[in-house]
1. Residues in segment 7-46 that are within 13 Å of the ligand (Cβ to nearest atom) and assigned to a helix (DSSP H, G or I): how many?
2. Any residue at all in segment 78-91 that is out of contact with any helix residue (DSSP H, G or I) (no Cβ under 7 Å at 6 or more places or on another chain), under 22 Å from PRO166 (Cα atoms) and away from the ligand (no atom under 15 Å from the Cβ)?
3. Is one or more of the residues making up segment 125-134 over 22 Å from GLU192 (Cα atoms) and surrounded by 16 or more Cβ atoms within 10 Å (Cβ to Cβ)?
4. Kindly provide the set of residues from segment 91-116 that are of a type in the set (A, V, I, L, M) and either in contact with a Gly (Cβ under 6 Å, 6 or more places away or on another chain) or buried (at least 22 other Cβ atoms within 10 Å of the Cβ) (or both), ordered by number.
5. Give me the pairs, please: first residue somewhere in segment 129-151 and under 19 Å from ALA86 (Cα atoms) and part of a loop (DSSP other than H, G, I, E, B), second residue anywhere and open to solvent by 20 Å² or more (accessible area, probe 1.4 Å) and charged (D, E, K, R), beta-carbon distance under 6 Å, and either six or more positions apart or on two chains.
6. For segment 173-195, what are the residues that are more than 19 Å from ALA29 (Cα to Cα) and open to solvent by less than 70 Å² (accessible area, probe 1.4 Å)?
7. Specify the residue that is most open to solvent (accessible area, probe 1.4 Å); the eligible residues are those in segment 41-59 that are hydrophobic (A, V, I, L, M, F, W, C) and under 22 Å from GLY13 (Cβ atoms).
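The values are calculated or read from the model by the stated rules, or taken from the named source; none is laboratory data. These figures come from a predicted structure and were not determined experimentally. Here Cβ is always computed from backbone atoms with ideal geometry, including for glycine, and neighbour counts include all displayed protein chains. Note: areas computed on protein heavy atoms with side chains; ligands, DNA, RNA excluded. Shrake-Rupley method; radii C 1.70, N 1.55, O 1.52, S 1.80 Å.
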Amino acid sequence: MARVLMTGFAPFGGESVNPSWQAVSLVAARRDDVAAVELPCEFAASLPALRRAVVTHRPSLVVCAGQAGGRSEVTPERVAINLVDARIPDNAGAQPVDIPVVPDGPAAYFTTLPVKACVAAIRAAGVPASVSHTAGTYVCNQVFYGLMHLLATEFPAARGGFVHVPFSPAQVAAAGKSDASLSVELIARALEALADTALRVTEDLMVSAGAEH
Ligand code: PCA
């Protein structure tokens, strides 16, 4: 059975691909210890799909990935908040505003990934990375919060977290824009470094990865 469950998202927001899913499926094709599941970019369907994947694979580590268009680095997320505030409709047309992910749940969960050690390992693999302190308020934050709540309440032995990835060069080229991008191969390399580090390291590095804003 796979030790690591990785998820990526379906394309959304007018894109025809999502590099989070492309990279996750590349990693799973290379490694026996990684199972890959694509989550729908839909508020109603994403968490039930994640739950089914966790129940099926019983992983010791869960890494959920999503596209953060405009970011220039691979960014492991530190904190998930109990808030949905959608700027654009999801793939089912839903656009919830100011509702909790889990009614009466805690305001936030921290990742249980050693994000600083993961960033160091991703950089050592030759890929730009930094710790992020916001996963936004869209489907990715919902999945991140829902994952941490699921693990905390039902699978306390498993660890998990979320990582946002930039656009791929093909997306930026197709849009004729100048946004930052990273190849799917480099994103896959980063996800492997992240998973290997999280499997090995349980105490994070005591170095600063903070930000003034
Ligand atoms: N990124 C979006 C949702 C799906 C994805 O890949 C987000 O950051 O919320």
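1. 9
2. No: segment 78-91 contains no residue that is out of contact with any helix residue (DSSP H, G or I) (no Cβ under 7 Å at 6 or more places or on another chain), under 22 Å from PRO166 (Cα atoms) and away from the ligand (no atom under 15 Å from the Cβ).
3. The answer is no, given that none of the residues of segment 125-134 is over 22 Å from GLU192 (Cα atoms) and surrounded by 16 or more Cβ atoms within 10 Å (Cβ to Cβ).
4. VAL101, LEU113, VAL115
5. Hits for this filter: HIS133/ARG78; THR137/ASP85.
6. Result: ALA175, GLY176, ASP179, ALA180, SER181, LEU182.
7. By that ranking, first place goes to ALA44.
Table: residues versus (1) more than 17 Å from THR112 (Cα to Cα); (2) more than 16 Å from the ligand (Cβ to nearest atom); (3) open to solvent by 50 Å² or more (accessible area, probe 1.4 Å).
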position	(1), (2), (3)
ASN141	no, no, no
PRO156	no, yes, yes
GLN171	yes, no, no
THR197	no, yes, no
GLU203	no, yes, yes
